[in-house]
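**Q** Mind looking over this structure? Questions follow.
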Amino acid sequence: MTDTKPDKRAKNEIIKENSRLLRGGIADGLSNAVTGAIEEDDTQLLKFHGSYMQDDRDVRGERAKKKLEKAFSFMIRLRIPGGVVSPKQWIALDDIASTYANHTLRLTTRATFQYHGIIKSNLKRSMQAINAACLDTIAACGDVNRNVMSAANPFLSKAHGTAYDLAKNISDHLLPKTGAYHEIWLDGEKKIPKPASAAAENEPLYGPHYLPRKFKIVIAVPPDNDVDIFAHDAGFIAVVEKGEVVGWNVTVGGGMGMTHGETDTFPRTADVLGFCTTEQAVEVGEKIMTVQRDWGNRELRKNARLKYTMERVGVATYRAEVEKRLGYKLGPARPFKFNYTGDRIGWHETTDGKAADKKWHLTLYVENGRIKDLPGSTHRESYREIAELGICDFVLTSNQNLILANIAAKNKSKIEDILKKHGVSIATSSGLRRNAMACVALPTCGLALAESERFLPDLITSLEDVLDAAGLKNDDIMLRMTGCPNGCARPYLAEIGFVGRNPGLYNLYLGAAHDGTRLSKLYAQDVGRDKIIALLTPILKRYAKDRKTGEHFGDFVIRAGIVKATPAGNKFHDDVKLAG
Amino acid sequence: MLGRARPGAKDVADKGQSGRVCVKVYTGTPNPAELQFLETRVATLPTLPKNAPFTAEDVDYLNRLVQRSTPLQRSWLSGFLAGLDAAAGQTLGLPSTAPAAASRPRTPLTIIYGSESGNAESLAMKAKKAASKLNFDAKIIDMADADPSVLAKAKNLIVYISTWGEGDPPQRAVDFYNGLMGDGAPKLNGVRFAVLALGDTAYVNFCQTGKLIDERLAALGGVRAADRMDLDLDFAKAAAAWTDKTLGVFTPADTGPSATVVHVDFKGAALNDDADPDEPLYTAENPVEAEIAALINLNGTGSTRETWHVELAVDAPGFTYKPGDAIGVLPENDPALAADLTQAVGLGSDASLTLKISKSFDITTLSRATIDQYAKLTGRKDVAALLDGDALAKFSADRQLVDLFKAYPENLSADQLTKLLRPLPGRLYSVASSLKAHEGEAHLLVGAVRWASHGRKRGGVASTFFADRRKQGDTARIYVKPNKHYALPADGKTPIIMIGAGTGVAPYRGFIEEREANADKGKSWLFFGERNFSNDFLYQLEWQDWMASGALSNIDVAFSRDQPEKIYVQQRLWERRAELLSWIADGAHIYVCGDEKGMAKDVDATLVKILAESAKGDLEAGKVKLKELTKANRYQRDVY
Ligand code: SRM
Ligand SMILES: Cc1cc2nc3c(=O)[nH]c(=O)nc-3n(C[C@H](O)[C@H](O)[C@H](O)COP(=O)(O)OP(=O)(O)OC[C@H]3O[C@@H](n4cnc5c(N)ncnc54)[C@H](O)[C@@H]3O)c2cc1C
Ligand SMILES: Cc1cc2nc3c(=O)[nH]c(=O)nc-3n(C[C@H](O)[C@H](O)[C@H](O)COP(=O)(O)O)c2cc1C
Ligand code: SF4
């Protein structure tokens, strides 16, 4: 990397290179008591440790006048491959929320927890508390393989269990090996005395520059596509025969993020690369990642995700390189069929195994994944109370929802009573709400252009009147909102997608497939609440009237010519016809 | 400068007592204010004959002077003139005239004071000046540097003493006080003494220390020459009169009209002691109007605190202060409360009355004195009963005057009401700025005092005066309260350790601004404590800039409510004790400012612990070391 020609590499590449394997000046930054922030460069490194520096954007305006710096705080994201925590762990995590964070737990669109509002002086304590609960945050963010998601509820069937195991194995296998994490947060012995070079310690899989960009792997078990398999850099689709996983269809090149007004950035649905066995899967995941490590764009971060590498080299070339590194060929993809990207809210019984071993699982809708007590609905307390009984496990879903799993039949009513007591209802007010997700956005997200989590619930309430009138109250329609085009709630794979442009104004996307196989299309630009209702009302009415049996909203708007279909990511910006 | 008319005239009287200024008196023409003032006093004593060897104007002038002079002043003046000729002798080329009277020994007088915020001290200083002009051989002693045994040597003794804490002596007088009260106290047989006690009727133990010292002096054999006077916050006039009277009492009987030769040192000090350096120009009696140039609550939204940064712009000659001084504010009450009060006593909401009492009377403080007067006025037994035992403490703990009127309603006349009220005392605020950084400005850091009790929202008078009833551009009447015992080291190279919680950080902003302006090289270390980092880090951006520029060398913060366990500044002190000790070894001055109960006590204890550890001794050893630092002015406290 250090040759004479001008260094065109992205700034982050140099930060990583000089970071002594992700140490940088984080430790010093933590001990500087006069500021709640850490150095700019270190914020980039901190992500690899599972934390983001943020500031409360609601109060930005007043701070300087009050002679105060921005209200800095830190977000912590956990790494929980497969998304399962024990009741004991739940209690520990709930305690951390009250002791160090903003008294909320946030279930993410990638089936883990986030804390918000942790001030610098509590960051290390929080990390230690998390680790004390036998959980960690390593590589939950940053240019590495992120938390690996698997089809929600490993306890639902044997196949789901296998998917969970694979998620764990891949996540552990692809973990960075630097000692920085233990050194900084857990007072582990200093692996590298500063300012020595990183050579002493090494990152066999990543090297000192890690990946060009974030890298995400998920594992699906058809017919459910709750993990949105096509939205991620890599994926494994379970091929199940007689209840056993016989192998995996491998997907590569998905991603959501784009930038307003830059058509060379776009969301992309993943391609199917081929088939591999369970024994091969971890290695296949590794090779897919290392090819991206070596081929990904390290000069332009906007263009550094695998999806763009894929656009550049094509599936065939990428597959060939992966197979070369594997030393064997991938099998031909097996047929698969998805039908739904949402969660199935309510009670479900284990689908296979001996009747005696069957357990019950309750999938609860958690609005925007925000676990926060509200007057009349103290769901955070209810989960806590349930955890203290120790009669179920907790499973996080990729749709920001929560599953109380492994419940003995005799305990079902106990659970229901506690939920009722806390005003938590299992049923949701509408199919639209049941399938809705909003990203965090304001006030913590530094990239938000508009509200999301704090706005969507009201918008849905307004839309529910329309649904009522149209008689669509209970139809499953996928609706997702994000505060900016990065797509954290996968809005481009929603039948109705909102993406923030400016405060109060959103781009409206329609026409994604209910099963997550097709991206949506821009339908209206910069629309506010009223315009949104005005635009959607007639369309929903028509859908109610003219839909074919079983026809999903996303397919209908295409058949009805309201938007053109988006066959592939690189066509996302084509054929756009904006509504008047 | 209209308010200066009286002091201006007073100058003539005072200055008339020193050689040089006498000359001024004869030649100078009085300013109109003086004349107008003097007019009012003419024609009570026989006047100089028209044929006296002076110009008509001078005769007229001398008359005015004589008319308004006190017997003491006249006896002094005649003695002075005699002394003048005696000293000048023939050289004046006049037929020598014998002195009017023979020179006599001056009367010994010991003036001793115990003071925290300087009131008793400045009264003592004034007394000393007056005394030395009245042929006393007066020496002045600060209890802080003395041992009770000095009292035994005294013949005539005047004590100025304030009360602090909850009836305690001023910090720096504690040792002296304990010595005096203890068995080791000296016998004071024949010592003639008089005690002036300063206090605040708002406190249950009003003038406690003064009372006890007065009793003790008598018990030790002293002879009470004048009755003790207990003064409230509006002490200035009464104190001056008491001092005059008491000096009179101590003046040997045969002085008075028959003159005593005054020994005037024409070359020396007596010549130029007219201007009083430790008397600020703007006082509670003579405040200056300031414009509120900025008024900002420094606490972030969501904070449990409310701390106002107040920038006062003063466009008046001679307005000056030092970092470490305090600014006095003459607040106004909440008009709504004033109206409640008049309602409660059956006066309806008489606009002019409510305006009057909200501007100039203390309508919140529920003191023993007020209850006592109210009981007498109304003849109510149940009110009088409040004065028995701890009833008062119980009742007044979280109540105010309005509660008394509501609980024991009676109709009062406007006159009866105002007679019940004491003048509204000023409030002191440590100045948070340096004139070198903000010319003509004084910045304050005011913590809003708010609480609710007995179904009533209540607020501190001065703090809510700023927080609720003033906005940028409005004015406030302020004065300067110098604090000799809380100031930067003379040497800019001396390291300073600044310890403060909450508003206690105020003076340190002034310190650093001053040192930055002087380009002083001395190291500085701030220990700051508050509740929450994100919203309560007062002046955070400024400390950051000063850390970056080097104007501030070290900073340690303690935010008590950011984590499960409470963390206070004293814990940071303990953690950093090794480095602290090395700073102290380098001659650092230690400053503590802020809440006494909430912080200063614990900081004191921790410093003792740290010094004890370094002395490898017990707490006693630590206490001794801290005392040494105090005596060397290297441990200074500004607590309230
Ligand atoms: C919490 C979460 C949204 C939620 O409401 O649940 C989230 C929140 C953030 N995402 Fe995201 N992303 C989250 C899932 C996603 C997803 C969905 C997914 O992966 O299934 C995507 C789209 C898929 C993809 O990666 O393309 C996503 C694409 C982004 C991007 C755009 C990346 C790109 O290459 O286009 C950014 C911005 C960036 O990385 O520069 C981003 C950045 C962020 C940051 C960290 C903002 C930042 O970089 O400063 C947001 C933190 C906000 C906050 O205050 O918490 N987030 N982010 C999700 C956490 C997932 C997890 O547990 O790891
Ligand atoms: C030398 C010195 C320096 C000072 N510097 C500063 C400074 O820099 N900043 C600053 O903010 N203050 C400072 N103070 C304190 C300041 O002078 C005032 O005392 C303070 O602002 C309160 O004044 P106030 O008129 O608002 O309240 P007041 O009207 O005087 O009311 C205060 C009284 O209300 C009562 N009270 C208050 N809270 C409660 C409660 N919870 N329950 C029941 N009764 C209650 C108590 O009797 C208390 O004495 C300083 C004081 C001194 C002596
Ligand atoms: C924190 C504090 C506590 C006080 N406690 C008492 C007290 O208990 N009794 C009293 O009569 N006066 C009390 N006072 C009032 C002072 O005695 C009064 O302000 C006096 O003028 C101070 O004089 P000094 O500056 O010489 O110390 C207190 C004042 C403060 C600021
Ligand atoms: S989509 Fe944009 S606004 Fe929403 S969380 Fe992600 S980065 Fe923030």
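The values are calculated or read from the model by the stated rules, or taken from the named source; none is laboratory data. None of the values given here were measured: they were computed from a predicted structure. Quick reminder, even Gly has a Cβ in these numbers, built from the backbone with ideal geometry, and neighbours come from all protein chains shown.
**Q** Could you look through region B:213-240, keep only residues that are more than 10 Å from B:V195 (Cβ to Cβ), within 16 Å of ligand 3 (Cβ to nearest atom) and hydrophobic (A, V, I, L, M, F, W, C), and pick out the one that is nearest to the other protein chains (Cβ to nearest Cβ)?
**A** Taking the candidates together, the pick is B:L233.
**Q** Of the numbered conditions (1) closer than 22 Å to A:Y492 by Cα; (2) surrounded by 15 or more Cβ atoms within 10 Å (Cβ to Cβ), A:R319 fails exactly one; give the number of that condition.
**A** Against the list (1) closer than 22 Å to A:Y492 by Cα; (2) surrounded by 15 or more Cβ atoms within 10 Å (Cβ to Cβ), A:R319 comes up short only on (1).
**Q** For region A:299-308, how many residues are surrounded by fewer than 21 Cβ atoms within 10 Å (Cβ to Cβ) and outside any helix (DSSP H, G or I)? Show your work before the answer.
**A** Initially, region A:299-308 is screened for residues surrounded by fewer than 21 Cβ atoms within 10 Å (Cβ to Cβ), giving A:299-303.
Still in the list and also outside any helix (DSSP H, G or I): A:299-300.
Total meeting the criteria: 2.
**Q** For region A:497-535, name all the residues that are more than 16 Å from ligand 4 (Cβ to nearest atom) and of a type in the set (S, T, N, Q).
**A** Listed by number, the residues that qualify are A:T517, A:Q525.
**Q** Look through A:A92, A:A71, A:A111 and report the one residue that is buried (at least 21 other Cβ atoms within 10 Å of the Cβ), of a type in the set (G, A, S) and farther than 26 Å from B:E542 by Cβ.
**A** One residue alone meets the criteria, A:A111.
**Q** Ok, one more. Tally up the residues in region A:199-243 that are part of a strand (DSSP E or B) and away from ligand 1 (no atom under 11 Å from the Cβ), please.
**A** Keep residues of region A:199-243 that are part of a strand (DSSP E or B), which gives A:215, A:217-220, A:224, A:234-241.
From the residues that got through so far, the ones that are away from ligand 1 (no atom under 11 Å from the Cβ) too are A:219-220, A:224, A:234, A:236-241.
Residues meeting the conditions: 10.
**Q** Go through region B:427-463 and give me each residue that's hydroxyl-bearing (S, T, Y), in contact with a strand residue (DSSP E or B) (Cβ under 8 Å, 6 or more places away or on another chain) and within 8 Å of ligand 2 (Cβ to nearest atom).
**A** Initial filter on region B:427-463 (hydroxyl-bearing (S, T, Y)): B:429-430, B:433-434, B:453, B:463.
Imposing the further condition that a residue be in contact with a strand residue (DSSP E or B) (Cβ under 8 Å, 6 or more places away or on another chain) reduces the set to B:429-430, B:433, B:463.
If the condition is that a residue be hydroxyl-bearing (S, T, Y), in contact with a strand residue (DSSP E or B) (Cβ under 8 Å, 6 or more places away or on another chain) and within 8 Å of ligand 2 (Cβ to nearest atom), then B:Y429, B:S430, B:S463 are the ones that fit.
**Q** Residues in region A:466-477: is at least one under 22 Å from the mean Cα position of the chain (by Cα) and away from ligand 3 (no atom under 16 Å from the Cβ)? Show your work before the answer.
**A** Keep residues of region A:466-477 that are under 22 Å from the mean Cα position of the chain (by Cα), which gives A:476-477.
From what's left, away from ligand 3 (no atom under 16 Å from the Cβ): A:476-477.
Within region A:466-477 (the criterion being under 22 Å from the mean Cα position of the chain (by Cα) and away from ligand 3 (no atom under 16 Å from the Cβ)), the answer is yes, since at least one residue qualifies.
**Q** Restricting the search to region B:141-176, which residues are more than 19 Å from B:L196 (Cβ to Cβ) and not in a loop (DSSP other than H, G, I, E, B)?
**A** Our first condition is that a residue be more than 19 Å from B:L196 (Cβ to Cβ); within region B:141-176, this holds for B:145, B:147, B:149, B:152-153, B:165-166, B:171, B:174-175.
Residues satisfying the conditions are B:D145, B:S149, B:A152, B:K153, B:Q171, B:V174, B:D175.
**Q** Is it true that B:A226 is aliphatic (A, V, I, L, M), assigned to a loop (DSSP other than H, G, I, E, B) and at pLDDT 95 or above? So that I can check it myself, show each step before the final result.
**A** Working: aliphatic (A, V, I, L, M): yes; assigned to a loop (DSSP other than H, G, I, E, B): yes; at pLDDT 95 or above: yes.
Against the criterion (aliphatic (A, V, I, L, M), assigned to a loop (DSSP other than H, G, I, E, B) and at pLDDT 95 or above), B:A226 qualifies.
**Q** Further question on the same structure: Mind checking which residues of region B:451-474 are more than 20 Å from B:E311 (Cβ to Cβ), surrounded by 19 or more Cβ atoms within 10 Å (Cβ to Cβ) and of a type in the set (F, W, Y)?
**A** Hits for region B:451-474: nothing passes.
**Q** Looking only at region A:432-487, filter to residues that are outside any loop (DSSP other than H, G, I, E, B) and within 9 Å of ligand 1 (Cβ to nearest atom); which one of those is surrounded by the most Cβ atoms within 10 Å (Cβ to Cβ)? Don't jump to the end; show me each part of the working.
**A** First, pick out the residues of region A:432-487 that are outside any loop (DSSP other than H, G, I, E, B): A:432-434, A:436-438, A:456-470, A:479-482.
Adding the requirement that they be within 9 Å of ligand 1 (Cβ to nearest atom) leaves A:437-438, A:482.
Details: A:M437: 26, A:A438: 29, A:T482: 34.
Ranking the candidates gives A:T482 first.
**Q** List every residue pair whose Cβ atoms sit under 8 Å apart, with the two residues 6 or more apart in sequence or on different chains, where the first one lies in region B:146-165 and is within 14 Å of chain A (Cβ to nearest Cβ) and the second, anywhere, is within 16 Å of ligand 1 (Cβ to nearest atom) and of a type in the set (S, T, Y).
**A** Pairs found: none.
**Q** With respect to A:D42, is the statement that it is facing another protein chain (nearest Cβ under 10 Å), part of a helix (DSSP H, G or I) and modelled with pLDDT of 95 or more true?
**A** No; evaluated as a whole, the condition is false for this residue.
**Q** Here's another thing I want to ask about it. Looking only at region B:165-179, which residues are within 14 Å of ligand 2 (Cβ to nearest atom) and buried (at least 24 other Cβ atoms within 10 Å of the Cβ)?
**A** B:P170
**Q** For a quick check of your reading: which strands (runs of 3 or more DSSP E) sit entirely within region B:465-555 and have at least 2 residues that are of a type in the set (K, R) and more than 14 Å from every other protein chain (Cβ to nearest Cβ)?
**A** Details: elements: B:475-481, B:496-501, B:524-530.
Those strands (runs of 3 or more DSSP E) span B:475-481.
**Q** Check B:G459, B:G440, B:G426 and return the single one that is touching a residue at least 12 places away in the same chain (Cβ under 8 Å) and either within 16 Å of ligand 3 (Cβ to nearest atom) or hydroxyl-bearing (S, T, Y) (or both). Spell out how you get there, then give the answer.
**A** On the way: B:G459 fails: either within 16 Å of ligand 3 (Cβ to nearest atom) or hydroxyl-bearing (S, T, Y) (or both); B:G440 fails: either within 16 Å of ligand 3 (Cβ to nearest atom) or hydroxyl-bearing (S, T, Y) (or both).
After ruling out the rest, the residue left standing is B:G426.
**Q** Something else: It is to be established whether one or more residues within region B:125-137 are at pLDDT below 95, within 23 Å of B:N189 (Cα to Cα), away from ligand 4 (no atom under 16 Å from the Cβ) and not aliphatic (A, V, I, L, M).
**A** Checked region B:125-137: at least one residue is at pLDDT below 95, within 23 Å of B:N189 (Cα to Cα), away from ligand 4 (no atom under 16 Å from the Cβ) and not aliphatic (A, V, I, L, M).
**Q** Restricting to region A:496-540, give me the number of residues that are free of Cβ contacts under 8 Å to residues at least 12 places away in the same chain and among the small types (G, A, S).
**A** Going through region A:496-540 one residue at a time, the tally reaches 1.
**Q** Within region A:48-158, considering only helices (runs of 4 or more DSSP H) that don't extend past its boundaries, which have at least 1 residues that are touching a residue at least 60 places away in the same chain (Cβ under 8 Å) and within 12 Å of chain B (Cβ to nearest Cβ)? First the steps, then the outcome.
**A** Working: elements: A:60-63, A:87-99, A:120-132.
Of the helices (runs of 4 or more DSSP H) lying wholly inside region A:48-158, those with at least 1 residues that are touching a residue at least 60 places away in the same chain (Cβ under 8 Å) and within 12 Å of chain B (Cβ to nearest Cβ) span A:120-132.
**Q** Identify the single condition in (1) crowded, with 21+ Cβ neighbours inside 10 Å; (2) within 12 Å of another protein chain (Cβ to nearest Cβ) that A:L22 does not satisfy, given that it satisfies every other one.
**A** Tallying (1) crowded, with 21+ Cβ neighbours inside 10 Å; (2) within 12 Å of another protein chain (Cβ to nearest Cβ), A:L22 fails exactly one: (2).
**Q** Quick one: how many residues across region A:505-540 are under 24 Å from the mean Cα position of the chain (by Cα) and either within 16 Å of ligand 1 (Cβ to nearest atom) or over 20 Å from A:A470 (Cβ atoms) (or both)?
**A** Counting residues in region A:505-540 that are under 24 Å from the mean Cα position of the chain (by Cα) and either within 16 Å of ligand 1 (Cβ to nearest atom) or over 20 Å from A:A470 (Cβ atoms) (or both) gives 14.
**Q** Scan region B:561-583 for residues that are closer than 22 Å to B:E306 by Cα and away from every other protein chain (no Cβ under 12 Å) and jot them down. Full working, then the answer.
**A** Here is the first cut: in region B:561-583, the residues closer than 22 Å to B:E306 by Cα are B:561-563, B:566-569.
B:K566, B:Y568, B:V569 - these are the residues of region B:561-583 that are closer than 22 Å to B:E306 by Cα and away from every other protein chain (no Cβ under 12 Å).
**Q** If I filter region B:484-495 down to residues being under 25 Å from the mean Cα position of the chain (by Cα) and at pLDDT 95 or above, which single residue comes out as surrounded by the most Cβ atoms within 10 Å (Cβ to Cβ)? It would help to see each step written out before you state the result.
**A** Step one: list which residues in region B:484-495 are under 25 Å from the mean Cα position of the chain (by Cα), which gives B:484-490.
Checking the rest, the ones that are also at pLDDT 95 or above come to B:486-490.
Numbers: B:Y486: 23, B:A487: 20, B:L488: 25, B:P489: 18, B:A490: 7.
This residue is B:L488.
**Q** Does B:K616 satisfy the condition of being free of Cβ contacts under 8 Å to residues at least 12 places away in the same chain, charged (D, E, K, R) and within 14 Å of chain A (Cβ to nearest Cβ)?
**A** Details: free of Cβ contacts under 8 Å to residues at least 12 places away in the same chain: yes; charged (D, E, K, R): yes; within 14 Å of chain A (Cβ to nearest Cβ): no.
When the stated conditions are applied, B:K616 does not pass them.
**Q** Tell me yes or no: at least one residue of region B:496-510 is surrounded by fewer than 23 Cβ atoms within 10 Å (Cβ to Cβ) and within 30 Å of B:D586 (Cβ to Cβ). Give the derivation first.
**A** So in region B:496-510, the residues surrounded by fewer than 23 Cβ atoms within 10 Å (Cβ to Cβ) come out as B:502.
If we keep only those that are within 30 Å of B:D586 (Cβ to Cβ) as well, we get B:502.
Checked against the condition, which is being surrounded by fewer than 23 Cβ atoms within 10 Å (Cβ to Cβ) and within 30 Å of B:D586 (Cβ to Cβ), region B:496-510 yields at least one hit.
**Q** A further question on this structure: For region A:236-286, what are the residues that are buried (at least 24 other Cβ atoms within 10 Å of the Cβ) and aromatic (F, W, Y)?
**A** Listed by number, the residues that qualify are A:F236, A:W248, A:F266.
**Q** Taking the residues in region A:204-234 that are surrounded by fewer than 24 Cβ atoms within 10 Å (Cβ to Cβ) and under 13 Å from the mean Cα position of the chain (by Cα) as candidates, determine which candidate is nearest to ligand 2 (Cβ to nearest atom).
**A** This residue is A:K214.
**Q** Is it the case that B:L180 is in contact (Cβ under 8 Å) with a residue 24 or more places away in the chain and either assigned to a helix (DSSP H, G or I) or within 16 Å of ligand 3 (Cβ to nearest atom) (or both)? Reasoning before the result, please.
**A** Numbers: in contact (Cβ under 8 Å) with a residue 24 or more places away in the chain: yes; either assigned to a helix (DSSP H, G or I) or within 16 Å of ligand 3 (Cβ to nearest atom) (or both): yes.
Yes.
**Q** If you don't mind, another one. Would it be correct to say that A:A494 is at pLDDT 95 or above, more than 16 Å from ligand 4 (Cβ to nearest atom) and surrounded by 16 or more Cβ atoms within 10 Å (Cβ to Cβ)? Break it down into steps so the answer makes sense when it comes.
**A** Values: at pLDDT 95 or above: yes; more than 16 Å from ligand 4 (Cβ to nearest atom): no; surrounded by 16 or more Cβ atoms within 10 Å (Cβ to Cβ): yes.
Here the answer is no, as A:A494 does not meet what is asked.
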